[in-house]
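Student: One structure is given below, represented as structure tokens, and several questions about it will come after.
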Amino acid sequence: MIKMRWFRILFTLSSLAYSLGEELTIFPALKQYWVIKGSTLNLTCRHNGTPATQEHTLSFWKSNTQISSGSDVKVNIFAVPDTQDITRTIRTLVITKSDVQFSDGVPYKCILGQNMSNFKGEAQIEVRVLEFQSAEYNIAAENEKNLMPVGKKLILECNASGMNPSDTSFTVTTKWLKVSEGNKQFLENSTKYTIFTENRTLEILNPVREDAGEYRCVFVFNKEDKASYQEVYSQPFNVKAAPKIETHDKNKNLVQEDTLELRCTASGFPKPTITWKKDGQALNQTERIHPKEERLVIYNLGFDDKGEYQCIASHGEFNDTASATMLVRVKDKLAALWPFLGIVAEVIVLCIIIFIYEKKRSKQLESEEDAPDAQDNPGDNRAGVRRRN
């Protein structure tokens, strides 16, 4: 009885020594690993132990068949010394399988040894494959505020194949999110959104242009089991909206050699691109002209830069475009001085006229002063003459 106990203790210690001496780990560290059909499967097996021998060969196996490199599979192995123990080596085996299919949803094993019948250790992971059914909604015209009539609902359904409803080896719950400019916003029940977990649907009430964007459903597997917890994101559900100009600058009056800056913003999903035209001709990048999406800058304005400028929002998903027109006027840089110069000119002309007039009048007075005095009364000379009868 005592010998049996000692044997069990020695067996336990030897097993512990082996597990400490030859560490074999597979990543991701999950019991079940869900991947999406058509995506890429990456599995990593790491061995930390004694230097490699034939007994310490690493290999991946799929359904009792060793995996080797091929047209859609890449197998790579790396070995580096353990920095904490130079007598040990860390070897990493990586397989990459592209275009995953349902047939790839099987258990995978990483073994430490020569083959499946002669190995010293193994690690296993079960791969499951999902296929989501995504959808797209083109429901927003350029001039429409509401995507649908008031009171209507937009329903997004998250359907997936690859899960057996009777399989009790996992649990799954669903949540929804909206992706906006790279930011994820998880949605909750509100006056705008209603989430039905039973049939994995999302209802959007009274959808407007602001509701356009990318939506995704998320399958949360084994929420209560940390060893098997995983979130799988579906392909996007695209709620599309045609381009629409939201804001743009008004007409501008500028002066020669000024800098022109015009702004124009547009909404829509997918995000529209903005191009610029002047008098119907496309504007290209030059040293002076810089058309950059929502902003147009022209340096050192000249008279040739005046005209009608147009920002145009477009996207290949839609046939229609949206545009806005802005009129630019360019004045002479001395234009502000012309009224002042006119007044100065008028004053100068008036001064010249006054000067000429005064000069002529002065000459006239001088000539009158120099002329001989005329007789004041000629009849007085005849007063002393006697008349004869």
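What follows is calculated from the coordinates using simple rules that are stated; it is not laboratory data. Computed from a prediction, not measured in an experiment: that's the story for all the values here. Ideal geometry is used to build each Cβ from the backbone, glycine not excepted, and the neighbour counts take in all protein chains shown.
Student: If neighbour count is taken as other Cβ atoms inside 10 Å, put Phe219, Phe78 in order from fewest to most. Intermediate values should be presented prior to the final figure.
Tutor: On the way: Phe219 21, Phe78 10.
The order, fewest Cβ neighbours first, is Phe78, Phe219.
Student: Moving on to the next point. Just to confirm the filter: which GluC sites (Glu not before Pro) across region 149-231 are DSSP coil and have at most 15 other Cβ within 10 angstrom of their Cβ?
Tutor: Working: sites: Glu157, Glu181, Glu188, Glu198, Glu203, Glu210, Glu214, Glu224, Glu231; in loops: Glu181, Glu188, Glu198, Glu224.
The qualifying sites are Glu181, Glu188, Glu198, Glu224.
Student: Counting only pairs 8 or more residues apart or on different chains, how many lysine pairs in region 274-367 have their Cα atoms under 28 Å apart?
Tutor: Number of lysine pairs found: 13.
Student: Quick one: order Ser69, Ser117 by neighbouring beta-carbon count within 10 Å, fewest to most.
Tutor: Working: Ser69 11, Ser117 6.
Final ranking by Cβ density, sparse to dense: Ser117, Ser69.
Student: From the square roots a ≥ b ≥ c of the eigenvalues of the alpha-carbon gyration tensor of region 221-303, which class results: rounded (a/c under 1.5), prolate (a/b over b/c), or oblate?
Tutor: Details: a/c = 4.04, a/b = 3.18, b/c = 1.27.
Taking the square roots of the gyration eigenvalues as a ≥ b ≥ c, region 221-303 is prolate.
Student: Lys178: which lysines have alpha carbons under 23 Å from its alpha carbon, excluding same-chain residues fewer than 8 sequence positions away?
Tutor: By straight Cα distance, Lys178 reaches Lys37, Lys145, Lys152, Lys153, Lys192, Lys223, Lys240, Lys244, Lys271.
Student: Fully extended, how many nm does the chain gain between Trp338 and Glu358 (0.36 nm per residue separation, minus their Cα-Cα distance)? Show your work: numbers first, answer last.
Tutor: Numbers: separation 20, 0.36 × 20 = 7.20 nm, distance 2.98 nm.
Extending this stretch completely gives an extra 4.2 nm.
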